[in-house]
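All of the numbers you see were taken from the coordinates with simple rules; none came from a lab. Computed from a predicted structure; not experimentally measured. Positions of Cβ are backbone-derived with ideal geometry, glycine not excepted, and every protein chain shown enters the neighbour counts.
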């Protein structure tokens with residue numbers, strides 16, 4: 001019951017807060033301290049390596065999505081001119097909070 005209330009709160013508050021932005025860092029691992037709302041794109045030279053962010057449900061888990069073509073599963077990350085990320089496909093956590101959502105133009109769209 002409490003988990004359902006918490007998820008409803010985060011779904012509602014998502015539309016009141018500013019959109020999430022993308023920060024770019026060089027390296028091959030996510031930073032140890034992740035931003036509160038923004039996404040982090042890790043680049044190794046010119047290659048996009050992964051995108052990381054905190055789970056939008058509020059559980060505190062850091063989500064890391066791999067981007068290289070040879071990885072599986074893999075995601076694509078596009079950024080518009082305003083710095084808002086879009087991810088494809090959706091993010092579906094199979095364990096823990098089991099959140100399932102899309103990221104479109106910096107907004108979380110819950111499934």
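Computed quantities for the displayed model
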read-out: Nitroxide proxy distance, nm - points 7 Å out along Cα→Cβ at residue 88 and residue 76; value: 0.4
read-out: In degrees, nearest ten, helix 2-13 long axis to first principal axis of the chain (Cα); value: 60
read-out: Global form of the stretch 39-88, assessed from the alpha-carbon gyration tensor, a/c cut-off 1.5; value: oblate
read-out: Ranked 41, 17, criterion: other C-beta atoms within 10 Å, fewest first; value: 17, 41
read-out: Cβ-based exposure ranking for 54, 104, in which fewest neighbours within 10 Å come first; value: 104, 54
read-out: Cα-based Kirkwood hydrodynamic radius, the chain, one decimal, Å; value: 14.4
read-out: CD proxy at 222 nm, helix term only [per DSSP H run n ≥ 4: -39500 (n - 2.57); per residue of the chain; nearest 500]; value: -3500 deg cm²/dmol
read-out: Residue among 16, 87, 30 with the largest mean-square fluctuation in a Gaussian network model of the chain, springs linking Cα atoms under 10 Å; value: 16
read-out: Cα gyration tensor shape of the stretch 61-111, rounded if a/c is under 1.5, else prolate or oblate by comparing a/b with b/c; value: oblate
